[in-house]
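Heads up: the structure comes next, in structure tokens.
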Ligand SMILES: Nc1nc2c(ncn2[C@@H]2O[C@H](COP(=O)(O)OP(=O)(O)OP(=O)(O)O)[C@@H](O)[C@H]2O)c(=O)[nH]1
Ligand SMILES: [Mg+2]
């Protein structure tokens, strides 16, 4: 199961109470105040790890609590701080307050940490209130309440290259020939129901991460089909590949439909570097060389391919890598 959205209850620990105590020593029977402060409550912290790829663990663990700080004790002893609780999430997780909608942060790097609920402040013991005028204070304060918050965690996969296409365009087939990923492939629509990541090796030094998402159909932005929900996974891709089956009834229309769906989801996606891959060219006479020139003109970078004969895959990789690495190449 692929879980990429969960709401959990985070409750930080309360602060420990301050203590009221007086020293009772043999030669100082009426000693001064000695009640120590409480400890801080443990925070609830969200930590990003590249070792996770879904939020599934949290699906089964909805309540996360930090420990309470210990109460202060006599003999000026401060209570120990409560241990914090960690919520480990995959890199690329967005953390929001589920009730206010406020974005608390986005964990983009491995090891990044975000305090999602603050532990309660320590209470003060009576020793703290000692003044020259008041040598026997009985005052103390209670520890503060730990912050309680409902957190909405949303995972946005971080891939360099996203595949967008209608169902059956051949997205999963492409990722399975270019990477070690093995998504299910079949000739019925919506075979892919959850995003799949694959690492594509360009040469010894370079590789990129590709993401295959469920197919898009016209009206996806209004909730038709299932692709809309997954479009957020291509939001951060540096490059998009429009996948259009050359043997489908209207390839040019399919390409325009895909652009239109992206436009409605987020207009910035149309500005993204992109390549049009005309897929399944083995099905037409002449294969990758038999493509109608008008289709080749649809997009600035158009590459005819066949995942079955592997024709055009080298060209596709060359175009992808020149676009992905062009800034670095120029800088060298
Ligand atoms: N002849 C031929 N068939 C292909 C090619 N690529 C994919 N297919 C076939 O087309 C069908 C759909 O392929 P998939 O890779 O599952 O398509 P998809 O785009 O992932 O589809 P969804 O997951 O439903 O969105 C399967 O029967 C594949 O075997 C190709 O290059 N040539
Ligand atoms: Mg698929």
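Taking the chain as the reference, fit the longest principal axis to its C-alpha atoms, fit the long axis of helix 251-265 to the helix C-alpha atoms, and give the angle between the two in degrees, 0 to 90, nearest 10.
It works out to around 20 degrees.
As a check on your grasp of the helix formula, calculate [θ] at 222 nm for the chain: sum -39500 (n - 2.57) over DSSP H runs of n ≥ 4, divide by the residue count, round to the nearest 500. Could you put the intermediate results ahead of the total?
Values: 6 runs with 49 residues, N = 332.
Calculated from helices alone, the mean residue ellipticity at 222 nm is -4000 deg cm²/dmol.
Ordered by packing density, taken as the mean number of other Cβ atoms within 10 Å over each peptide's residues, highest first, how do 236-247, 287-298 rank?
So the order, starting with the most tightly packed, is 236-247, 287-298.
Quick one: give the max-minus-min coordinate of the C-alpha atoms of the stretch 66-205 along each principal axis, largest first, in Å.
85, 38, 19
Could you compute Rg(Cα) / (2.2 N^0.38 Å) for the stretch 179-301, with N its residue count?
Expressed relative to 2.2 N^0.38 Å, the Cα Rg reads 1.09.
Across 10 Å bins from 0, what is the distribution of all Cα-Cα pair distances for the stretch 96-165, in whole percents?
15, 25, 21, 16, 13, 5, 3, 1
Please give the per residue volume of the convex hull enclosing the alpha carbon atoms of the chain, rounded to a whole number of Å³.
Value for the chain: 190 Å³ per residue.
For helix 313-324, report the angle its Cα long axis makes with the longest principal axis of the Cα atoms of the chain; keep it between 0 and 90° and round to the nearest 10°.
The helix 313-324 is inclined about 50 degrees to the chain.
Where does each of 83, 100 land when they are ranked from fewest to most other beta-carbon atoms within 10 angstrom?
100, 83
Compare the peptides 36-46, 123-133 by average per-residue count of other Cβ atoms within 10 angstrom and give them in order, highest first.
Answer by packing, highest mean first, reads 36-46, 123-133.
Any read-out appearing in this document is the output of simple, stated calculations on the displayed coordinates, not a laboratory observation. What you are looking at is a predicted structure, and each value in this text was computed from that prediction instead of being measured. Reconstructed Cβ throughout: ideal geometry from the backbone, glycine too, with neighbour counts over all protein chains shown.
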